[in-house]
Amino acid sequence: MDTHLDIGVWPENSLARVPYWVYQDEANYKREMQRLFEGATWNFVCLEADIPNKGDYRTNQLGDLPVIVVRDADGKINCFENRCAHRGALIAFDDGGNVQNNFKCIYHAWSYDLCGNLRGIAFEKGINGVGGMPKEFSRETFSPRKLRTTTLFGLVFATLSADTPPIEDYIGADVLGRIKRVLNRPIRVMGRFVQPLPNNWKLYVENVKDTYHASLLHTFLATFRISRLTQGGGVLVSPDGGNHSSYTIAIPEGKNATAYKEQQIRTDNDRFALADPSVLDSVEEFGDHIQLQILSVFPGFILQQIYNCLAIRQVVPRGVGKMDLVWTYFGFEDDTPEMNRRRLKQQNLVGPAGFISMEDGCVGGFVQRGTLAAADQVSVINMGGSTAESQETRATEASVRGFWKAYRRHMGL
Amino acid sequence: MDLARIVELNAAYARVIDNEQFEEWPKLFHDPCLYKVTTADNLARGLEGGLIYADTRGMLEDRISSLRNVNIYEQQRYRHIVGLPVVLGQTNGATEVETPFLIVRIMREGAMDVFVTGCYRDKVKPDAQGALRFAERIVVCDGRRFDTLVAIPF
């Protein structure tokens, strides 16, 4: 293709063509921070389980916006900008913890209550009547920006915009049901890791939504002859395009560990048999034969169920060509020791060292580097057509097009 | 336990990985065993999950056959700098050892960057032939950021 686009201009009115400047342009990145992460979107900030008690807090980011999420005395979860109203220093500079009644900025000891209201100013009245803040200074007008929060099956989301619809409407009924099927009881965090990736954040989000690449790039299951060609599945895309859930349905006889083992026996003579297939010993725990589900909520939340391996992934942009992928592995509070061990083993499949997910760490960087001189060119996203509806196949790029549908609407592109 | 034998085991471990003799790596473990890669932070919070978790030699072998035959990543290798071991005690016939390490990752295009630092927390004991082997090696990484991907074990 030999079109030449101007930077900042969408090529044609198509969801199936995406210009490469969108992964490179600094001005566009700044607009994304304002219109997406600080705009009318819900952003994952922590788990309810992270902050069970009064004063428990965690820090996170909505794009470049640092925030504090804290549970107050009434049990309510509040979120506010992690920026002191005085000189702009971080109010909290750790991952989380517990405060009694207020946060105190270390720079000049200005303090904030658990709702983010400015409560105390050191030497506000000066010393012996000299110095101090002007009489007309109003603490109320100088608080960090406050965000709205909402909880959903133990997840906490926040938004800076007053226009963001209720989260159930924002996510859409189909995808919402797929979150609920996984997060159906109290969860237990099993580990956290961060994977810095050398690519624009959208390349990872597209990768997550790309059901087409999974069996082509990730050959672990196929090479070890564990993938099943008879598997059903499909992809659900929310009406606005931004949220999705792809899923694989186990063949009925493949739903328990015995079937995996039998399959393994059949491939015993194969050069690529697993020496210890216990890494894939899985049990059906959600009662619906869905053995794999990848789900995303626009712009940067991902929920993953691969067999019994459960994780939340948060996409944190770190400038135009870098991002952090924040992994939270989890199980449930009522896991038996056997289930715990099963999850520990299956965690080999995902994360930075994941047998299945390893390639996702580098492929975004390959696109970032491959397109450095192609800001005025476009990628072609035509598998399964050029629209963004739910489809009963995974040989489609429908949910990638859905991402761009939502993206263009939010960005005004 | 003779410290020199532990140093020798650590040196052999680093050498087989850095020289890309990966098939030799599982042989340095007992079967069953425990090999886990985690972070100091997860350990401090009592979180069991790992980047890599293997409790048999077969699982270690599968790591290697996967990195040799299946996984796709840009060509890279490691240089381990392994510090001096400290013997912490004895439990059930195994010696508990702690050894600091640093790994430089050498990428295809020539960059040589510190990839990970941490501490090996080991239980070592002789096998039937008297060779010292790992019953347990918990790789406790100092930080929690793992750049791009982890293909080769630490």
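The values are calculated or read from the model by the stated rules, or taken from the named source; none is laboratory data. Every value quoted in this text rests on a predicted model; they were computed, and no experiment measured them. Neighbour counts run over all protein chains shown; Cβ positions are idealised from the backbone, glycine included.
Against the condition touching a helix residue (DSSP H, G or I) at 6+ places or on another chain (Cβ under 7 Å) and not in a loop (DSSP other than H, G, I, E, B), how does B:Val116 come out, does it pass? I'd like the intermediate steps shown before the answer.
Numbers: touching a helix residue (DSSP H, G or I) at 6+ places or on another chain (Cβ under 7 Å): no; not in a loop (DSSP other than H, G, I, E, B): yes.
Taking the combined requirement at face value, the residue does not satisfy it.
A:His218 meets all of the listed conditions (1) within 17 Å of the chain's Cα centre (by Cα); (2) closer than 30 Å to B:Asp142 by Cα but one, namely (1). For region A:137-165, the candidate set comprises residues that are part of a loop (DSSP other than H, G, I, E, B), touching a residue at least 40 places away in the same chain (Cβ under 8 Å) and among the hydrophobic types (A, V, I, L, M, F, W, C); within that set, the residue that is farthest from A:Arg71 (Cα to Cα) is A:Phe142.
Taking region B:18-33 as the range and being closer than 11 Å to B:Phe134 by Cβ and buried (at least 17 other Cβ atoms within 10 Å of the Cβ) as the test, the residues that pass are B:Trp25, B:Pro26, B:Leu28, B:Phe29, B:His30, B:Asp31, B:Cys33. Of all residues in region A:159-203, which are surrounded by 17 or more Cβ atoms within 10 Å (Cβ to Cβ) and among the small types (Gly, Ala, Ser)? Result: A:Gly172, A:Gly191.
Filter region B:58-100 for residues that are among the small types (Gly, Ala, Ser), within 14 Å of chain A (Cβ to nearest Cβ) and in contact (Cβ under 8 Å) with a residue 12 or more places away in the chain and give the result.
As a first pass, look at region B:58-100 and keep what is among the small types (Gly, Ala, Ser): B:58, B:65-66, B:83, B:89, B:93-94.
Retained after the next criterion (residues that are within 14 Å of chain A (Cβ to nearest Cβ)): B:58, B:65-66.
The answer is B:Gly58, and nothing else.
Checked against (1) farther than 30 Å from A:Gln368 by Cα; (2) modelled with pLDDT under 95, B:Asn71 meets all criteria but (1). Suppose we keep only residues that are free of Cβ contacts under 8 Å to residues at least 24 places away in the same chain and in a helix (DSSP H, G or I) within region A:29-54. Which one would you say is farthest from A:Gln100 (Cα to Cα)? Among them, the one singled out is A:Lys30.
Only one residue in A:Tyr112, A:Tyr57 is assigned to a strand (DSSP E or B), over 27 Å from B:Asn42 (Cα atoms), of a type in the set (Phe, Trp, Tyr) and not assigned by TED's automatic domain parsing to the domain that holds A:Trp201, so which one is that? Before you say what the answer is, go through the steps one by one.
Working: A:Tyr57 fails: over 27 Å from B:Asn42 (Cα atoms).
Matching residue, one of A:Tyr112, A:Tyr57: A:Tyr112.
Could you run through region B:36-53 and say how many residues are within 11 Å of another protein chain (Cβ to nearest Cβ) and in contact (Cβ under 8 Å) with a residue 40 or more places away in the chain? Spell out the reasoning first.
First pass over region B:36-53, keeping only residues within 11 Å of another protein chain (Cβ to nearest Cβ): B:36-39, B:41-43, B:45-53.
Narrowing further to those that are in contact (Cβ under 8 Å) with a residue 40 or more places away in the chain: B:36-39, B:41-43, B:51-52.
The number of residues fulfilling the criteria is 9.
If you take the residues of region A:339-360 that are among the hydrophobic types (A, V, I, L, M, F, W, C) and more than 8 Å from chain B (Cβ to nearest Cβ), which of them is surrounded by the fewest Cβ atoms within 10 Å (Cβ to Cβ)?
Just the residues of region A:339-360 that are among the hydrophobic types (A, V, I, L, M, F, W, C), to begin with: A:339, A:344, A:349-350, A:353, A:355-356, A:358.
Retained after the next criterion (residues that are more than 8 Å from chain B (Cβ to nearest Cβ)): A:339, A:349-350, A:356.
Working: A:Met339: 15, A:Leu349: 22, A:Val350: 23, A:Ile356: 23.
The qualifying residue surrounded by the fewest Cβ atoms within 10 Å (Cβ to Cβ) is A:Met339.
Any chance region A:189-209 includes a residue that's part of a helix (DSSP H, G or I) and farther than 30 Å from A:Ser379 by Cβ? Within region A:189-209 (the criterion being part of a helix (DSSP H, G or I) and farther than 30 Å from A:Ser379 by Cβ), the answer is no, since none of the residues qualifies.
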